[in-house]
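Quick notes on the structure that follows.
The values are calculated or read from the model by the stated rules, or taken from the named source; none is laboratory data. What you see is a predicted model; the values in this text were computed from it and never measured. As a convention, Cβ positions derive from the backbone with ideal geometry for all residues, glycine included, and neighbour counts pool all protein chains shown. Ligands, DNA and RNA are stripped out before the accessible areas are found, and what is left, the full protein with its side chains, is counted by its heavy atoms. Shrake-Rupley method; radii C 1.70, N 1.55, O 1.52, S 1.80 Å.
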Amino acid sequence: MENKIRLQYSGFIIFAARMLSIATGMIFVLLITRNTTEEQYGIWSNIFDLMAYFMLLASVIPFWTTRFVARGKDGAAKTGFVANLTIAVIATLIYIPLVPIITSVLGINEYIILYFMASVYIIELYLVNVLEATLRAKKPEALGYGLLIEEACKITLAYVLISALQQRLVLQKGLLSLLAAMISLVTAIIIQVAYYLKLVFADLKQKIRWDYAKEWIKGSVANIYNVMGNQLATFIFILLILYGGKAARGEYQAAATIANIITYSYFLAFALYPKLLAEKKLEDVTTSLRTVLMFAIPMVAGAIAMPDSFLTILNVTYGKATRILRLLACDAFIRTISNFFTSVLFGFERLDEKAKIPLKQLVKSNIFKVFTLPYIHSAITLPTAFYVLTNFAYNQPLQAALYVTIINMSARFAMFLILYIIVRKTVQVIIPWRNILNYVFAATVMGVILYAIPHPTRITPTIGAAIAGGLIYIILLMIINKEARSLIRSIWSEIRTEIRNILPNSISRKVENLWKKS
């Protein structure tokens, strides 16, 4: 089956959108925190903690929708949309009657309108999940555009509404700011959903295939099994709070906030999974792996070289968590590569190729094997963390956070080795070792320079140093690596093609002439 997905272009668009969302997300948080009290921001956080329980099934149907749409199954997109919308409505109808009880128990009845408005957010997230599942199978770069649209609308609306409320009403400023933030968030996602609906409109004209839905419900046993396993693995953070203290969780989260940015490099291979479902070309795997590693390796090196600067811009009190950040940077790299190989494994899985999901085969499949890994991970980490925290780090926040990091990272590396063995038995992935050596060399030079310079403690100088380090890496890599030069030329060529397709012919020709002159 011919697939028109552009691997590199799609990956770079989504990666760029994710990186920009870091800045917009920070601005949105600042708009809230600077106009509310700590208690009110805690209520805001509690709303989304609560939402998580009603969105546990949001990704179950989309998982299978992507696979069926990528393989050209007619009606799969519409069936997934209707099925996920149905689940969303059921989840919302369960949630709404609970709102008065929840706000009463928490003693925050004056905030009940926020909790009611969050019911719209539940439906929106279910719709975003299934629409993105469809687009990922056909036009993955649209997810990057959708994220940018949502973030831009959210920030603009929040700024306008909060500013307007500040000028007119002084009393209940915090509550009204939260209300403005919720309106902005819900409205922005509505616009994002509208954009996605426009792109998949033709697919939604197809007939609903209830036989697909029946198969997906059977397959959802594996998805729910995976969700429960991942949830169990997070119990280690409950142990961290109980025995290390709230400060221990804060130290870990601060370092994790920075380290998690490294995992965004996985999105450079985001289009690989649906393309493998349709075509199964091994050369696509190697190409995507090179691209992911080209960005992931220097990001790890930067976090290891300047951990104090990155932590200090969050809050000066987190500066002592540098060892934790260095370890979590390595852990984030392991997670990134694990996600990549999981995509490869799932892309080559043929269990549902004929639009059927036999339960016996599902349990024996590679999908189920991967979904079992979180349980093995938890079997290692939970008893080990309990023993270490109660005996060696009780009420010692920094030490407790460090031990939990080491335990989690060690178990994750073990799970990665198991995953890699499963992948090697399924498909012979060609590892680009020469490219990796070039990336490591260039990243090491960059890291040494960043480590040696005085480390800034403010946001702008820190970002400037990070950008300078990135430029050093790119320049050095382009000098020593021919494929890096060809990759950048290829991406630039695809961007030019996309602009020509979007702009009117007259404008497109003028832009093309400017490029040629430059």
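Below 14 angstrom from the Cβ of L114, what's the summed charge of the other residues (Lys, Arg +1; Asp, Glu -1)?
My count for the surroundings of L114 gives -3.
Along the charge dipole of the chain, Cβ charges K/R +1 and D/E -1, which of L31, L165, F346 sits furthest on the positive end?
Value computed over the given set: F346.
Quick one: grab the alpha carbon gyration tensor of region 327-383, order the square roots of its eigenvalues as a ≥ b ≥ c, and give me rounded if a/c is under 1.5, else prolate or oblate depending on whether a/b is larger than b/c.
Judged from the Cα gyration tensor, region 327-383 comes out oblate (a/c at least 1.5, b/c at or above a/b).
Charges at C-beta only: +1 for Lys and Arg, -1 for Asp and Glu. How large is the resulting dipole of region 9-105 about its Cα centre, in Debye rounded to 20?
Once rounded to the nearest 20, the dipole reads 520 debye.
Near N84, within a Cβ-to-Cβ distance under 13 Å, what is the net charge of the other residues, with Lys and Arg +1 and Asp and Glu -1?
Combined, the nearby Lys, Arg, Asp and Glu give -1.
Describe numerically, in nm with one decimal, the distance between label points set 7 Å from Cα along Cα→Cβ at Y195 and at T37.
So the label points at Y195 and T37 sit 3.7 nm apart.
Taking the Cα centre of region 180-253 as the origin, how large is its charge dipole in debye, to the nearest 20, when only Lys and Arg (+1) and Asp and Glu (-1) carry charge on their Cβ atoms?
Dipole of region 180-253, to the nearest 20 debye: 220 debye.
Put a dot 7 Å past each Cα toward the Cβ at R323 and L85; how far apart are the dots in nm?
Between L85 and R323, the simple spin-label model gives 5.5 nm.
In nm, what is the difference between 0.36 nm times the number of residues separating K207 and Y53 and their Cα-Cα distance?
Here the answer is 52.3 nm.
May I ask for the net charge around P307, where only other residues with Cβ less than 12 Å from the Cβ of P307 are counted and Lys, Arg are +1 while Asp, Glu are -1?
Result for the local shell: +2.
Quick check for you: with a 1.4 Å probe and neighbouring chains kept, what is the accessible area per residue of the chain, in Å²?
For the chain, the per-residue accessible area is 48 Å².
Tell me the carbon and sulfur percent of the accessible area for the chain, rounded to whole percent, probe radius 1.4 Å.
66 percent
Using a 10 angstrom Cβ neighbour count of at most 15 plus a DSSP loop assignment to flag exposed chymotrypsin sites (Phe, Trp or Tyr not before Pro), which longest range of the chain is free of such sites?
In the chain, the maximal stretch lacking such sites is 1-200.
Roughly how large, in nm² to one decimal, is the mean projection of the convex hull of the alpha-carbon atoms in region 64-223?
11.0 nm²
Is there a quick way to get the dipole size of the chain? I mean about its Cα centre, with the Cβ of Lys and Arg at +1 and of Asp and Glu at -1; what is the value in debye to the nearest 20?
Result for the chain is approximately 1500 debye, rounded to the nearest 20.
Taking N as the number of residues in the chain, what is its Cα Rg relative to 2.2 N^0.38 Å?
1.00
Return the calculated 222 nm mean residue ellipticity for the chain, to the nearest 500 deg cm²/dmol, obtained by summing -39500 (n - 2.57) across DSSP H runs with n ≥ 4 and dividing by the residue count.
Result for the chain: -27500 deg cm²/dmol, rounded to the nearest 500.
What value in Å³ per residue do you get for the convex hull of the alpha-carbon atoms in region 240-363?
So the per-residue Cα hull volume is 127 Å³.
What translational diffusion coefficient, to the nearest whole µm²/s, does region 148-265 have by Stokes-Einstein, given a Kirkwood radius computed over alpha-carbon pairs, a temperature of 37 °C and 0.692 mPa s viscosity?
Here the translational diffusion coefficient equals 171 µm²/s.
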